[in-house]
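These notes are about the structure you will find just below.
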């Protein structure tokens with residue numbers, strides 16, 4: 001573990017076996033990059049990070065792993081986007097993907113294998129999510145993988161809703177000269193969904209997929225994969241080693257409300273996002289939010305491995 005200077009900020013870098021991890025725990029608890037040194041001395045990026053001139057707008061950077069909390073995606077209140085309504089009946093603003101990816105965090109643990117950091121809500125965050133709570137992000141780094149755990153502790157006198165998730169930007173393609181359509185993804189989902197962005201944010205049926213699809217299939221973009229029969233999504237280059245496995249939760253079959261999301265920005269983008277979420281977007285109106293009782297704690301665990 002070492003501290004390094006980057007664009008005027010101090011980051012932390014870990015080397016664990018063949019893997020090197022770069023993170024900015026104090027800002028969004030952001031894992032920025034993960035790369036692996038291969039046997040021939042070459043380096044493969046697993047988690048993508050772009051070239052930047054500044055970290056001032058880190059929440060908007062398409063790279064690393066933005067933390068999505070308290071809710072994933074876009075929320076609506078009776079057709080109005082970026083709003084949500086709690087049981088108290090008050091309409092509140094909420095940015096896309098919530099308040100954590102742009103938030104300040106306090107480091108609570110830092111060692112040779114990872115870190116833990118706790119969100120420090122500012123006035124905007126408190127206006128969006130007005131509860132008494134502790135939200136902590138914990139990373140554990142392994143030679144060929146990582147584990148990330150979210151912990152939400154309810155310090156309030158009322159139940160707290162959440163439906164959090166990850167937005168991993170994986171480097172694709174990772175072989176020189178390869179194209180996205182040379183990569184396959186296996187998603188063990190019974191159905192796919194989309195979110196209606198033109199109206200109320202409700203869910204609508206998505207495309208039909210085979211168990212194994214090419215990442216070149218544009219229908220995968222912005223799709224919610226539901227009815228998961230297994231907690232593991234695997235993707236990689238056809239006929240070559242080095243597949244990435246993303247596991248949602250610790251049970252072999254995830255909870256019924258859990259989903260994976262597939263997304264990328266443009267056909268030529270050097271990344272592909274495979275996102276494990278606790279549930280569907282617009283969680284309150286779509287009734288996928290989990291509720292933490294007063295004095296109780298809930299966790300959400302995700303693992304990524306090669």
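No value in this document is a laboratory result; all are computed from the given coordinates. Small disclaimer: the values here were computed from a predicted structure and weren't measured. So basically every Cβ, Gly included, is an ideal-geometry build from the backbone, and we count neighbours across all protein chains shown.
For 214, 54, what's the fewest-to-most ordering of other Cβ within 10 Å of each Cβ? Present the calculation step by step, with values, prior to reporting the outcome.
Values: 214 14, 54 10.
With the sparsest Cβ surroundings first, the list reads 54, 214.
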Label zone at residue 18 (point 7 Å along Cα-to-Cβ), backbone N below 16 Å, segment 211-241 | 236-237, 240-241
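Calculate for the chain the 222 nm mean residue ellipticity that helices alone would give, adding -39,500 (n - 2.57) per DSSP H run of length 4 or more and normalising by residue count, nearest 500 deg cm²/dmol. If you can, show how the numbers build up before the last one.
Working: 1 runs with 6 residues, N = 306.
Only helices count here, giving -500 deg cm²/dmol.
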Which order, highest average first, do 79-86, 292-299 follow once you tally other Cβ atoms within 10 Å for each residue and take the mean per peptide?
-> 79-86, 292-299
Would you mind telling me which residue in 123, 23, 59 has the biggest mean-square fluctuation in a Gaussian network model of the chain, where springs connect alpha carbons within a distance under 10 angstrom?
-> 123
Using only alpha carbon pairs under 8 Å that are at least six residues apart, calculate the relative contact order of segment 2-305 and give it in whole percent.
-> 18
Computed label-point distance, nm, for sites residue 208 and residue 53 using a 7 Å Cα→Cβ extension = 5.0
Modelled label-to-label distance, residue 191 and residue 81, 7 Å Cα→beta-carbon offset: nm?
-> 2.5
Among 119, 110, 224, whose mean-square fluctuation peaks in a Gaussian network model of the chain (Cα, cutoff 10 Å)?
-> 110
Simple spin-label estimate for residue 123 and residue 5 in nanometres, 7 Å along Cα-Cβ = 3.4
Length gained if residue 144 through residue 293 is fully extended, taking 0.36 nm per residue and subtracting the Cα-Cα distance, is 50.0 nm
Rg/Rg_globular for segment 1-139, with Rg_globular taken as 2.2 N^0.38 Å and Rg from C-alpha atoms = 1.20
Please build a GNM for the chain, connecting alpha carbons under 10 Å apart, and tell me which residue among 53, 252, 106 fluctuates the most.
-> 53
May I ask you to compute the full-extension gain from residue 181 to residue 240, defined as 0.36 nm times their residue separation minus their alpha-carbon distance, rounded to one decimal in nm?
-> 19.8 nm
